[in-house]
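What follows is a single structure, written as C-alpha cells, with notes after it.
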Amino acid sequence: MTRQYLDVKTIKIERIGADRATQLADLQTVTFKQAYSDVHSLEDIETYCRAHFTPEIAGIDLSSEETVCCVGLLDSEPSGYYMVKHQACPIAIGSESSELKQLYVLRSAYGGGLGRYLYEHALATIRSTGHLLAWLCVSDINYRAQAFYDKQGFAKLGTGPVLEVGKEKLASSILVSVSQPGWRH
C-alpha cells in the first residue's frame, strides 16, 4: 500500500492567540479522544478533556508569553496543532531548552506528513529563541507518539511525571531531541 503524503503547499500553519481559545480547546478535545480511544475508557477520556481542554485553560496558555501555539490547516480546516512552552527541562540537560508540550493531528491526517510538518515548524519556533534543545513528556503507553519522536531523533532522558487520565495513572518518560547540537548526556 502506498501512503499519500500531503503536499506542503496545501498546509497552512497559523499562530493563534487567546481570541481562538475555544477553537483550540475543541481541537485539543477531538485530537486527544482520537489518539487515545483505543487505550482509555471513554469515561476516563471525557473526564480528562473536561479538566484540561476548556476555553478558559486554553486562553491562559495562549495568553502566556512563554507559550507558542500554532494550528495546521488542511484545506482551511484545523487538522492539528502544536504547543511549545519555553521552559527548562525538569532533568538537567546542559543547554537552554523548550518543551514541546503538545503535538496532535486529527486521525484523518495520520501518516500523511502533517505531524512531521508541525513538528518541524515547532522546532523552528524553538530555535528562534536561541534554545538548542527540545524536550517533551510522553505516556509510556502512547506507542504511536513514541515511534514518531524516535524517528525525529528523540531519546529517553529519564522518568517523567505520573499522568492521570480519569481514574488511570500512567507512567511517562521525558524525551530530548538528541539530533540537536549542544546536547550532552
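In the range 117-132, which residue that is at pLDDT 90 or above and hydrophobic (A, V, I, L, M, F, W, C) is farthest from Cys89 (Cα to Cα)? Looking at the filtered set, the residue picked out is Leu118. Set side by side, the residues Glu120, Glu99 differ, and just one is surrounded by fewer than 19 Cβ atoms within 10 Å (Cβ to Cβ) and within 15 Å of the chain's Cα centre (by Cα), which is Glu120. If we scan the range 161-179, do we find a residue that is surrounded by fewer than 18 Cβ atoms within 10 Å (Cβ to Cβ), under 23 Å from Glu96 (Cα atoms), at pLDDT below 90 and not β-branched (Val, Ile, Thr)? Looking through the range 161-179, at least one residue is surrounded by fewer than 18 Cβ atoms within 10 Å (Cβ to Cβ), under 23 Å from Glu96 (Cα atoms), at pLDDT below 90 and not β-branched (Val, Ile, Thr).
Of everything in the range 132-162 that is under 13 Å from Val176 (Cβ atoms) and part of a loop (DSSP other than H, G, I, E, B), the residue that is farthest from the chain's Cα centre (by Cα) is Leu132. Just one of the listed residues (Asp7, Asp26) is modelled with pLDDT under 95 and acidic (Asp, Glu), namely Asp7.
Annotation: of all residues in the range 146-160 being at pLDDT below 95 and either polar (S, T, N, Q) or in contact with an Asp or Glu (Cβ under 6 Å, 6 or more places away or on another chain) (or both), the one that is farthest from Gly115 (Cα to Cα) is Gln146.
The values are calculated or read from the model by the stated rules, or taken from the named source; none is laboratory data. Keep in mind it's a predicted model, so treat the numbers as computed, not measured. Cβ atoms come from the backbone with ideal geometry, glycine included; neighbour counts cover every protein chain shown.
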